[in-house]
1. Looking at (1) under 16 Å from the mean Cα position of the chain (by Cα); (2) at pLDDT 95 or above, which is the only condition residue 155 fails?
2. Based on what the data block shows, is residue 107 under 25 Å from residue 186 (Cα atoms), in contact with a strand residue (DSSP E or B) (Cβ under 6 Å, 6 or more places away or on another chain) and part of a loop (DSSP other than H, G, I, E, B)?
3. When the range 22-34 is examined, which residues are found to be away from the ligand (no atom under 12 Å from the Cβ) and crowded, with 16+ Cβ neighbours inside 10 Å?
4. Inspect the range 9-21 for any residue being crowded, with 21+ Cβ neighbours inside 10 Å and more than 15 Å from the ligand (Cβ to nearest atom) and give the result as yes or no.
5. Can you give me the number of residues within the range 7-24 that are touching a residue at least 12 places away in the same chain (Cβ under 8 Å) and part of a helix (DSSP H, G or I)?
6. Among the numbered conditions (1) surrounded by 20 or more Cβ atoms within 10 Å (Cβ to Cβ); (2) within 15 Å of the ligand (Cβ to nearest atom), tell me where residue 3 comes up short.
7. Which pairs have Cβ atoms under 8 Å, sit 6 or more apart or on different chains, and link a residue in the range 161-184 that is farther than 18 Å from residue 119 by Cβ to one that is away from the ligand (no atom under 13 Å from the Cβ)?
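The values are calculated or read from the model by the stated rules, or taken from the named source; none is laboratory data. Everything quoted here is computed from the prediction, not taken from an experiment. Cβ: placed from backbone, ideal geometry, glycine included. Neighbour counts: every protein chain shown.
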Ligand code: AMP
């Protein structure tokens, strides 16, 4: 089964993709994570992408399309995948359809997490993760039970994404509305688009997603 999760930055695509990955034994493919790995590795692509990401803009379609096409061909995608952060533009959505056609694959569900912009700014600027296990926290909504210690692994180092500051978040939201929101109409016209209330709490959103895919 292949799934696309749509929604602005902070909508909870990453969190829900991880839960769906467990539930359905299909792989989360986050283009943001892939790009951050390139940045961390200091690759040529990572060096070029970093500037664009720090400005809250979108990396070029060609790079992303090639990246996803190669990733889908890996053996660990054989049961299916959840696209988290891709496609983000109409050319990406069209290229995805064409590449899946050639590979003999198709998208089974396109799900939009519908949320409120101002709430996203608060969600994103307060979020941070455990550097050891990746568990997610928030300054206000989800603090560790013991201050400074990760509930899951006991780690005491945490990190924040460089692009999670308010200025960049506002650019990312603008990029979403200008370049990504139009693809919702594309999927509404071409496939069955499901809309889920992304403002609900994590468990309730996960329940709604499970009802759609299972
Ligand atoms: P994310 O982790 O999905 O919020 O992505 C972080 C940043 O990576 C975005 O603000 C973009 O600069 C870049 N990025 C991730 N996915 C894409 C994509 N499909 N197309 C273009 N840029 C992307």
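1. (1)
2. So residue 107 passes the test.
3. 24, 26, 27
4. The answer is yes; a qualifying residue exists.
5. Number satisfying all stated conditions: 10.
6. With respect to (1) surrounded by 20 or more Cβ atoms within 10 Å (Cβ to Cβ); (2) within 15 Å of the ligand (Cβ to nearest atom), residue 3 is out only on (2).
7. 184/112; 184/193
Let's see how each residue does on (1) in contact with a helix residue (DSSP H, G or I) (Cβ under 7 Å, 6 or more places away or on another chain); (2) part of a helix (DSSP H, G or I); (3) away from the ligand (no atom under 16 Å from the Cβ); (4) farther than 18 Å from residue 15 by Cα:
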site	(1), (2), (3), (4)
121	yes, yes, no, no
137	no, no, yes, no
155	no, no, yes, yes
161	no, no, no, no
187	no, yes, no, yes
